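Asks: So that we are looking at the same thing, I have put the structure below in structure tokens.
The values are calculated or read from the model by the stated rules, or taken from the named source; none is laboratory data. Source: prediction; values computed, not measured. When we count neighbours, we look across all protein chains shown, and the Cβ atoms used for this are built from the backbone with ideal geometry, even at glycine. These area figures cover heavy atoms from the full protein model, side chains too; ligands, DNA and RNA do not enter into them. Shrake-Rupley method; radii C 1.70, N 1.55, O 1.52, S 1.80 Å.
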Amino acid sequence: MRVYADTSVYGGMFDDEFVRASETFFSLVRLGRFQLVTSALVLDEVAAAPEPVRLLLEDMLPMSDVVSVTEEALRLQKAYLDNGIVAPNAASEGAPL
């Protein structure tokens, strides 16, 4: 199963509220239960994150498919925003969720 991880998934490892679930998730990725998918946008966002988040992403990159942002992804983002599935502050202009 391919699972997309956005920036918040990596940050979750260092947030008391999400650390347990995040540890389980990344353990399952390491065991090969999930194929980790991330995007070039996440790579850019994590570059400005605290060092532990950057190191986690670097550690997971060999197990990850890095995809580009497509027009289809941007349309999906717009549909999510238009239908109130996510709040407008969850996405920056022109960047996928």
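Asks: Could you give every pair whose Cβ atoms fall below 7 Å, whose first residue belongs to the range 67-91 and is farther than 18 Å from Thr7 by Cα and modelled with pLDDT of 85 or more, and whose second residue is open to solvent by 60 Å² or more (accessible area, probe 1.4 Å) and not aliphatic (A, V, I, L, M), counting only separations of at least 6 or pairs across chains?
Replies: Pairs that qualify, where the first residue is farther than 18 Å from Thr7 by Cα and modelled with pLDDT of 85 or more and the partner is open to solvent by 60 Å² or more (accessible area, probe 1.4 Å) and not aliphatic (A, V, I, L, M), are Leu81/Pro88.
Asks: Filter the range 58-72 for residues that are part of a helix (DSSP H, G or I) and aliphatic (A, V, I, L, M) and give the result. I'd like the intermediate steps shown before the answer.
Replies: First, pick out the residues of the range 58-72 that are part of a helix (DSSP H, G or I): 58-63, 71-72.
Selection gives Met60, Leu61, Met63.
Asks: Determine which single condition Ser27 fails, assuming it passes every other condition in (1) of a type in the set (Ser, Thr, Tyr); (2) within 15 Å of Asp6 (Cα to Cα); (3) at pLDDT 95 or above.
Replies: Status for Ser27: all satisfied but (2).
Asks: Within the range 36-48, does at least one residue satisfy the condition of being modelled with pLDDT under 90, within 12 Å of the chain's Cα centre (by Cα) and open to solvent by less than 40 Å² (accessible area, probe 1.4 Å)?
Replies: Within the range 36-48, one or more residues are modelled with pLDDT under 90, within 12 Å of the chain's Cα centre (by Cα) and open to solvent by less than 40 Å² (accessible area, probe 1.4 Å).
Asks: What number goes with the only condition from (1) surrounded by 15 or more Cβ atoms within 10 Å (Cβ to Cβ); (2) of a type outside the set (Ser, Thr, Tyr); (3) not in a helix (DSSP H, G or I) that Ile85 does not pass?
Replies: Going through the list (1) surrounded by 15 or more Cβ atoms within 10 Å (Cβ to Cβ); (2) of a type outside the set (Ser, Thr, Tyr); (3) not in a helix (DSSP H, G or I), Ile85 breaks only (1).
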